[in-house]
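Values in this text are rule-based calculations from the coordinates and carry no lab data. Computed from a predicted structure; not experimentally measured. So basically every Cβ, Gly included, is an ideal-geometry build from the backbone, and we count neighbours across all protein chains shown.
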Amino acid sequence: MMKPLDIAIAGEINLDLILQGLPEQMPLERELLASNFNMTLGSSSAILAHNLALLHTRVGFVSMVGSDPLGPVALKYLQQAGVDLSKTLHSRTGTSTGVTVLLTHTGARHILTYPGTMIEMKVQDLDLDYLKSARHFHLSSLFLQKGLQPDLPWLFRHLKDAGLTLSLDTNDDPDDKWEAGLQELLGLVDIVMPNDAEACRMTGTSDVEAAAEVLAKQVPLVVIKCGSKGALVRTKEDQWFVPTQKVTPIDTIGAGDSFNAGFLKAYLRGDSPVACAEVGNRVAALSTQRAGGIAALLDPALRSSLGDL
């Protein structure tokens, strides 16, 4: 019997406030002018859910919002993309929805995040039957999910026993400790999807291939995003480097999450690891052609350039 959802995602939601064209040096107590401003859907989990839905994947997203105005705005982006939000949670403590402010300079940016409700949601808040109505479960931003962290090994085992496949994109660890039960979780997931810097930091290596080798001893499928170079895909026995097309990026925010969307879209239909990475590369490259993590895929003309994925 076909399950109602292709993928369930439980995680954080917030808006991204993006200021562009700021000076390289930012002195204190001065009013500094940006050349442009965008407000859009932010957070790794929400961007992934949004872009997967635009790629015609049946997505269920479980997140927690506050009673402030930001939560409904963020949820509206997901609703319009076709994400199922029937299990949205609301803070019981008055905590506000999170927000990220991105200060963009030439070739670099500052990223400032107020976590808000993203650290409040716990495994006990999740509807397990709903999660098990999916074929696959994904978790992003491990180190921001403070409320979920203690019981994630139990949750992963429970979902695995129910027949779901599992994927994990840790994202960065702001404390640079790479703990939070990471090693136990790596032994439970089917796919791990860090970028090159994250892969090296979590394995204590300085080389992406060495990092892939370490991770492949724990995880059946290792997918390391290497930015404009493409992606490194590794299993216990084999390794492939999958190059990406050359594009001139407007903004790389959300490119890694967009890669995940393309990869998981292909994975869920049974494509080979290399074919999955090729699709991931195409979606990631497209995402860089607009500011923010979702704008490019929202553009019908740009999205149509992906053709039949």
**OP:** Take region 1-41 and flag every residue that is touching a helix residue (DSSP H, G or I) at 6+ places or on another chain (Cβ under 9 Å) and of a type in the set (Val, Ile, Thr).
**Re:** Ile7, Ile9, Ile13, Thr40
Original post:
Before we move on, is Leu164 over 30 Å from Ala291 (Cα atoms) and either buried (at least 20 other Cβ atoms within 10 Å of the Cβ) or β-branched (Val, Ile, Thr) (or both)?
Top reply: yes
Subject >> Output for region 1-27, where each listed residue is under 16 Å from the mean Cα position of the chain (by Cα), assigned to a loop (DSSP other than H, G, I, E, B) and not acidic (Asp, Glu) >> reply: Gly11, Ile13
Subject >> Scan of region 187-228 for residues that are part of a helix (DSSP H, G or I) and in contact with a helix residue (DSSP H, G or I) (Cβ under 8 Å, 6 or more places away or on another chain), ordered by number >> reply: Asp196, Ala199, Cys200, Met202, Thr203, Val208, Ala210, Ala211, Ala212, Val214, Leu215, Gly227
Original post:
Is at least one residue of region 149-161 surrounded by 20 or more Cβ atoms within 10 Å (Cβ to Cβ), more than 26 Å from Gly227 (Cα to Cα) and among the aromatic types (Phe, Trp, Tyr)?
Top reply: yes
**OP:** Among the helices (runs of 4 or more DSSP H) lying completely within region 42-136, list those that include at least 3 residues that are within 16 Å of the chain's Cα centre (by Cα) and free of Cβ contacts under 8 Å to residues at least 60 places away in the same chain.
**Re:** 44-54
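Considering region 6-32 alone, what residues qualify as being of a type in the set (A, V, I, L, M, F, W, C) and surrounded by fewer than 21 Cβ atoms within 10 Å (Cβ to Cβ)? Break it down into steps so the answer makes sense when it comes.
From region 6-32, those of a type in the set (A, V, I, L, M, F, W, C) are 7-10, 13, 15, 17-19, 22, 26, 28, 32; that's our starting set.
Within region 6-32, Leu17, Leu19, Leu22, Met26, Leu28, Leu32 meet the criteria.
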Subject >> Yes/no for Asp257 being of a type in the set (Asp, Glu), under 26 Å from Asn14 (Cβ atoms) and touching a Lys or Arg at 6+ places or on another chain (Cβ under 9 Å) >> reply: no
**OP:** Please indicate, with yes or no, whether at least one residue in region 142-159 is in a helix (DSSP H, G or I) and more than 21 Å from Phe61 (Cα to Cα).
**Re:** no
Original post:
Quick one: would you say Ala266 is part of a helix (DSSP H, G or I), more than 21 Å from Thr165 (Cβ to Cβ) and of a type in the set (Gly, Ala, Ser)?
Top reply: no
Original post:
Hey, any hits in region 168-181 for a residue that's assigned to a helix (DSSP H, G or I) and either hydroxyl-bearing (Ser, Thr, Tyr) or touching a Leu at 6+ places or on another chain (Cβ under 8 Å) (or both)?
Top reply: no
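Let's see how each residue does on (1) under 28 Å from Leu17 (Cα atoms); (2) out of contact with any Ser or Thr (no Cβ under 7 Å at 6 or more places or on another chain):
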residue	(1), (2)
Asp129	no, yes
Ser141	yes, no
Pro150	no, yes
Pro174	yes, yes
Glu198	yes, no
Original post:
in a loop (DSSP other than H, G, I, E, B) and either among the basic types (Lys, Arg) or within 29 Å of Thr100 (Cβ to Cβ) (or both) - does that describe any residue in region 270-287?
Top reply: no
Original post:
All but one of (1) surrounded by fewer than 15 Cβ atoms within 10 Å (Cβ to Cβ); (2) outside any loop (DSSP other than H, G, I, E, B) hold for Thr248; which doesn't?
Top reply: (2)
